[in-house]
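Asker: Got a structure for you, questions after.
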Amino acid sequence: MNTVPVGNTSGLVHFTDGAPVYAGRHRHDDGHPAHTHSFVEIAVVVAGAATHSCVTGRRRLTVGDVVLLRSGAWHAYEDSAGLEVFNCCVSTELLQHELAWTREDPLLGHVLWTGPYAMDRRGVLVAHLDPAAMAECLPHLHALNGLRAKVDGHHRSDVIARLLLFLSHLARAIAPQLVEERGEGPTHPAVVAGMRLLEDRIAHAWTLPDLAEHLHLAPSYLVRLFKATVGLPPMAYLAQQRAETAARLLLHTDQAISQIGHEVGWPDANYFARRFKAHFGLSASEYRRRFAHSAGILRPRPDGMDLPLLPV
């Protein structure tokens, strides 16, 4: 396969061929302007350095640093000095289906689901790999990159297996940070059920007593469980999910912003505006203007040939 299945349209980086996973090495000599993603991205710095800019601020990245961004989170690379990153991109559909069980794993659940929201990270998780951990992770990224050449449709399980090996090494490498932040042990079943319930019924007018009743728990106990395993109380987690869903609708549809607010459970326009900006640092209209297709809706051709590809 000679083409990269990732395109960049007006600041929105997305899969162009329906691929569930992509891994590839990219060089950014001149940095990379602010952009967002329709998938979860994990960027491992393998050479050089740059300043990483996102909603939570600016940070200098060097070899071994890892940046994980949930779908919709925007970022940029500035002041690049020979920056090279190995990107691993994972579709939200894969996470929500084949990899849904990772919520219940104490390490994978943190890396993929809860860590990017805890501690006011707003969808961005930054970690560091020492040389030994890098040596464990990179072979699986190279293998994922090599699997792009398998176009016969019979290697999906190979792709998922390699992805899980990479994610497992990554999660174990940053385990000391996770233990300090939230302790060890699997995610409580009630928290997993609560996360799924909030995501599946995102437009519902949830209250803490309402959610606690669905889960047959006392509200105060449910808050303690969520804070211990997610790093956020349940209503704050719901707000993060609503913001992320709203971002996807802003990027991929031409719906009015007021309609999007209704769809994600924030029918009051002023409240929606405040919560969205609190998460992304941009108003909903500015977010759409900067990152969505100029017509307000993304409709790539199936072959992806009308989309500029990222340099490899």
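The values are calculated or read from the model by the stated rules, or taken from the named source; none is laboratory data. All of these numbers come straight from a predicted model, not from anything done at the bench. Cβ: placed from backbone, ideal geometry, glycine included. Neighbour counts: every protein chain shown. When the accessible area is computed, the model is the full protein with side chains, heavy atoms only, and any ligands, DNA or RNA have been set aside. Shrake-Rupley method; radii C 1.70, N 1.55, O 1.52, S 1.80 Å.
Asker: Give the residue, chosen from Arg156, Arg103, Arg122, that is over 25 Å from Leu225 (Cβ atoms) and basic (Lys, Arg).
Answerer: Being over 25 Å from Leu225 (Cβ atoms) and basic (Lys, Arg) holds for just one of Arg156, Arg103, Arg122, which is Arg156.
Asker: Arg70 - would you say it is of a type in the set (D, E, K, R), surrounded by 23 or more Cβ atoms within 10 Å (Cβ to Cβ) and either under 25 Å from Gly231 (Cα atoms) or touching a His at 6+ places or on another chain (Cβ under 8 Å) (or both)? Spell out the reasoning first.
Answerer: Details: of a type in the set (D, E, K, R): yes; surrounded by 23 or more Cβ atoms within 10 Å (Cβ to Cβ): yes; either under 25 Å from Gly231 (Cα atoms) or touching a His at 6+ places or on another chain (Cβ under 8 Å) (or both): yes.
Against the criterion (of a type in the set (D, E, K, R), surrounded by 23 or more Cβ atoms within 10 Å (Cβ to Cβ) and either under 25 Å from Gly231 (Cα atoms) or touching a His at 6+ places or on another chain (Cβ under 8 Å) (or both)), Arg70 qualifies.
Asker: Just wondering, is there one or more residues in segment 231-243 that are modelled with pLDDT of 95 or more, part of a loop (DSSP other than H, G, I, E, B), over 16 Å from Ala73 (Cα atoms) and among the aliphatic types (A, V, I, L, M)?
Answerer: no
Asker: Can you tell me which residue in segment 120-137 is farthest from Ala23 (Cα to Cα), limited to those that are of a type outside the set (Gly, Ala, Ser) and touching a helix residue (DSSP H, G or I) at 6+ places or on another chain (Cβ under 9 Å)?
Answerer: Per the criteria, the residue is Arg122.
Asker: With the structure loaded, tell me whether Ala73 is within 16 Å of Tyr117 (Cα to Cα) and part of a loop (DSSP other than H, G, I, E, B) or whether it fails that test. Explain how you work it out, then say what you get.
Answerer: On the way: within 16 Å of Tyr117 (Cα to Cα): yes; part of a loop (DSSP other than H, G, I, E, B): yes.
Criteria met by Ala73.
Asker: Now, a different point. Of everything in segment 76-104 that's open to solvent by 10 Å² or more (accessible area, probe 1.4 Å) and closer than 17 Å to Gly115 by Cα, which residue is nearest to the chain's Cα centre (by Cα)?
Answerer: So the residue we want is Thr92.
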